Amino acid sequence: MGVKGLQSFVERCCPEACVTVNLREMARQHVAKNQQSCTSTADMTSPTLVVDGMSCLCHWYSCTNWVCGGQWMEYLDVLKNWVEAFTSAGINLVFFFDGVVEEQKRPEWVKRRHRVNRDIVKIFNYIKERGEQPGRQLSCLPSALATFTPLALRSLGQKVFCSVREADYEIASYARRHGSMGILGQDSDFIIYDSAPYLSVAKLRINGLTTVMYDRQKVCRNIGLAVTQLPLLACLLGNDVVSEEHMQHIRNNAVAAYRRTNPEPYLGHPQGQLVLAVAQFVRSLNVSEEEETGLVPRSLNVSSSQSELLKKGICSYLLPGHKDYELVDISAPPFAFEKHISPEILKACREKHVAAEGFMVYSVVCAGVTECSNSLEDEEDKELPPQALVYKPCRQRVYGLLLLLGKDDSSVDVPAIREWFVFPGNPLKEADMVHPAPVNIPCGEPSLDLLWFSSGPEVSALRLAAFLAVFDCLDYSDLHGEIGDSLLAALCLVTYVVLQVQTLSEEDVDAYLSQAVCLRLKSPLELQRIELPLLSSRAVQLGSLYVRGLSHLLGANNASGCPLPSAALMPWHSFDGRLFHSKYLLAHSSVEKSELLDSDMSCLSQFAQLKEKLVETCRKRGRLLQSRPRGTQRNLQPPPGARYRGTHSGFPPRVDQGWRGETKRGLRHGQRWREREEVWREQSDYENPGTEHWRGGHGGGGQSFVSCPTNSYEGQPGTRNQFRGRLYHNRRRY
């Protein structure tokens, strides 16, 4: 949520309400005040700060690389240091994350998703043109960051909640009910709520624990309103419940009246005049009339539908203890599949969800809806389908686990789940209706209650079988206990993706598996030091696809009764974007397996075991992996002075030979590369006369490498522009 223009108004036009505070001193004063007043609602042991986790994500993810899928191990260290800065000052933290998207706010959610998609198009164009990551001005958080951050904080011993309604409301309500010292976030709605002081995470200086507090009382004095009038002001200005368009005529009239009563030309920011004009209009309304009609004054002269919308918007700000709180509809919506699920399952779903432990299952079982935000996907790459479609069969089986287990064939009235998944070409005008699919468990189909609540070795085997069946990997049950749980999960995920994405090559699989095997040997510092000679847009999408797959592993594990420990499915134990990208470049340069596996014998052995299992499983299903090494984009134009060093880059010292195939593994293949290189050079010279081809220098040896792109599925020579144009007419086929 957020009030249109209010934050900028306070910062630009009401500087006296922006107070710099030291959180250590603020915590000390908070404790002293509570000891004097002896309030029963306040936490007397130590001051508590309620944190809006969603507002903090872009501030927490400060890792250098965001485009390759996330530097998760480094990110976990960032969170750990952030938390320790507060706990060392004696401040308790309570984190809230969005657990649902309320349907009344779905249009705004869709609008934001389309806006991010436009940025993602620019990001991929930048990568394909320059072979590097764009700057922070054009950035996008790694996929699934909001999914795994609550679990990361839980692993650090923090108290974390996922909301069952609007998260801002639950944050403000919790802070007011528990007498918290403040709310840390970046949302102007926290000025409107009559709750704890609102502290800016954007202005936070973690080393000194200083930030800016937006003083609600001073804001009210500046605009001449009482705190109880702020919700109406927010709705007239526009928020996620009452859009700007609905109240445009009221704002126009308010500005006209303000100019009549203030003939002096307004010299401040235009948004300042608008806020002051609407505030003057709210002051002019009859208070007794407002009380008589229930929140919405008659003098507003709006239609009945607009009046109801305003009432809904105002009620969204009324917290327990407010004089009009009884007007708020607090009845919980009915469970979507109540007649298909036992009361015990419904209760467990809600409890796990609130405690940030039950990803996916609550929204499906209790609300009948699930959504997924933007992913880093290249809409011009026709070889790789969107992650939403890749994992759709997996989700259908998860829905089947939750809704069909233990039911006979007469249960044909199970309604479909509404999916709001963002991907290129999806207009998001309405939800996709997706039906559950039965799960083939060879040892029978137990009830969901048995899977979730029973114990014993037989039940443990059932849980594992249910989990593996979701990914069509029942053949891997014998690996449970033989290899680590993280590796077993990675093998299931890669196998599933290979079966779903026919264009995935042997080199792609080698990159996925070698990354998973080698990660356990890397420290966060070593991962940070990996230098990539350039970025591949295809590897970027494959990294995002993998991380989204990890979230589906988590959902399937929850639905199956948790046969694997949740920690084994966390990305900081199984994935690093930079490491994967380096392995992708190595695998597609046809290096020896020993170089791909860091010359570590244990990694080589583990890799061989996993790949043998994967190839065997795929062969049984008629899927044969093919070697299809490909180069990266050729005519890159890095900014002046840019250099791509080879030290710790993921390339061997003789990388130029790898690209030309001059390894023991592929001399004949290398000859083909050299022949193609000549063709590409001739074509590029013809299409780009006078253009100097960029060659990225590699560290120390004076060597260079030339990207030799394979631009089509069959590996036929051609420029990237030809490839794009040839398939552009298929742009929206998904």
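The values are calculated or read from the model by the stated rules, or taken from the named source; none is laboratory data. As the structure is a computational prediction, the values presented were derived from the model and not from experiment. Because the Cβ atoms are built from the backbone with ideal geometry, glycine has one as well, and the counts that use them run over all protein chains shown. All accessible areas refer to the heavy atoms of the entire protein, side chains included, with ligands and DNA or RNA removed. Shrake-Rupley method; radii C 1.70, N 1.55, O 1.52, S 1.80 Å.
Listed here are the residues, each with its yes/no results for (1) at pLDDT 95 or above; (2) aromatic (Phe, Trp, Tyr); (3) in contact with a Cys (Cβ under 6 Å, 6 or more places away or on another chain).
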residue	(1), (2), (3)
LYS407	no, no, no
LYS429	yes, no, no
GLY444	no, no, no
SER455	no, no, no
ARG463	yes, no, no
PHE467	yes, yes, no
PHE471	yes, yes, yes
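Filter the stretch 489-506 down to the residues that are part of a helix (DSSP H, G or I) and over 24 Å from the mean Cα position of the chain (by Cα), then identify the one that is farthest from ARG630 (Cα to Cα).
The residue in question is LEU499.
Identify all residues within the stretch 58-71 that are open to solvent by 10 Å² or more (accessible area, probe 1.4 Å) and under 13 Å from the mean Cα position of the chain (by Cα); write none if there are none.
CYS58 - this is the single residue of the stretch 58-71 that is open to solvent by 10 Å² or more (accessible area, probe 1.4 Å) and under 13 Å from the mean Cα position of the chain (by Cα).
Would you point out the residue of the stretch 559-583, among those that are farther than 30 Å from ARG397 by Cα and not polar (S, T, N, Q), that is nearest to the chain's Cα centre (by Cα)?
ARG578
Residues GLU377, GLU357, GLU419: which one is at pLDDT 95 or above and either within 22 Å of PRO333 (Cβ to Cβ) or in contact with a Cys (Cβ under 6 Å, 6 or more places away or on another chain) (or both)?
The conditions single out GLU419.
Looking at (1) among the charged types (D, E, K, R); (2) at pLDDT below 90; (3) in a helix (DSSP H, G or I), which is the only condition GLU16 fails?
Only one criterion in (1) among the charged types (D, E, K, R); (2) at pLDDT below 90; (3) in a helix (DSSP H, G or I) is unmet by GLU16, namely (2).
Need a quick list: helices (runs of 4 or more DSSP H) entirely within the stretch 184-261 having at least 2 residues that are among the β-branched types (Val, Ile, Thr) and over 30 Å from ALA85 (Cβ atoms).
248-261
State which residue is nearest to LEU521 (Cα to Cα) when the search covers only the stretch 593-603 and only residues that are open to solvent by 40 Å² or more (accessible area, probe 1.4 Å) and either of a type in the set (A, V, I, L, M) or part of a helix (DSSP H, G or I) (or both).
Looking at the filtered set, the residue picked out is SER602.
Looking at (1) open to solvent by less than 70 Å² (accessible area, probe 1.4 Å); (2) assigned to a loop (DSSP other than H, G, I, E, B), which is the only condition ASP329 fails?
Exception for ASP329: condition (1).
Has the stretch 85-95 got at least one residue that is without any contact (Cβ under 8 Å) to a residue 12 or more places away in the chain, assigned to a helix (DSSP H, G or I), out of contact with any strand residue (DSSP E or B) (no Cβ under 9 Å at 6 or more places or on another chain) and open to solvent by 20 Å² or more (accessible area, probe 1.4 Å)?
No, every residue in the stretch 85-95 fails to be without any contact (Cβ under 8 Å) to a residue 12 or more places away in the chain, assigned to a helix (DSSP H, G or I), out of contact with any strand residue (DSSP E or B) (no Cβ under 9 Å at 6 or more places or on another chain) and open to solvent by 20 Å² or more (accessible area, probe 1.4 Å).
Give the stretch 170-190 a look and list any residue that's surrounded by fewer than 22 Cβ atoms within 10 Å (Cβ to Cβ) and either in contact with a Leu (Cβ under 9 Å, 6 or more places away or on another chain) or among the β-branched types (Val, Ile, Thr) (or both), or say none.
Residues satisfying the conditions are SER173, ARG176, ARG177.
From (1) under 32 Å from the mean Cα position of the chain (by Cα); (2) of a type in the set (Lys, Arg); (3) open to solvent by 30 Å² or more (accessible area, probe 1.4 Å), pick out the condition that doesn't hold for ARG221.
(1)
Taking ALA516 as meeting all but one of (1) under 23 Å from the mean Cα position of the chain (by Cα); (2) surrounded by fewer than 21 Cβ atoms within 10 Å (Cβ to Cβ), write down the number of the exception.
(2)
Exactly one of (1) closer than 30 Å to GLU129 by Cα; (2) hydrophobic (A, V, I, L, M, F, W, C); (3) at pLDDT below 95 is unmet by LEU403. Its number?
Unmet for LEU403, out of (1) closer than 30 Å to GLU129 by Cα; (2) hydrophobic (A, V, I, L, M, F, W, C); (3) at pLDDT below 95: (1).
From the set of residues in the stretch 159-169 that are touching a helix residue (DSSP H, G or I) at 6+ places or on another chain (Cβ under 7 Å) and not polar (S, T, N, Q), which is surrounded by the fewest Cβ atoms within 10 Å (Cβ to Cβ)?
Looking at the filtered set, the residue picked out is VAL164.
For the stretch 545-558, does any single residue satisfy the condition of being more than 30 Å from ILE345 (Cβ to Cβ) and surrounded by 21 or more Cβ atoms within 10 Å (Cβ to Cβ)?
Within the stretch 545-558, one or more residues are more than 30 Å from ILE345 (Cβ to Cβ) and surrounded by 21 or more Cβ atoms within 10 Å (Cβ to Cβ).
Residues of the stretch 230-247 being surrounded by 19 or more Cβ atoms within 10 Å (Cβ to Cβ) and polar (S, T, N, Q), which ones?
Of everything in the stretch 230-247, just one residue is surrounded by 19 or more Cβ atoms within 10 Å (Cβ to Cβ) and polar (S, T, N, Q), namely ASN239.
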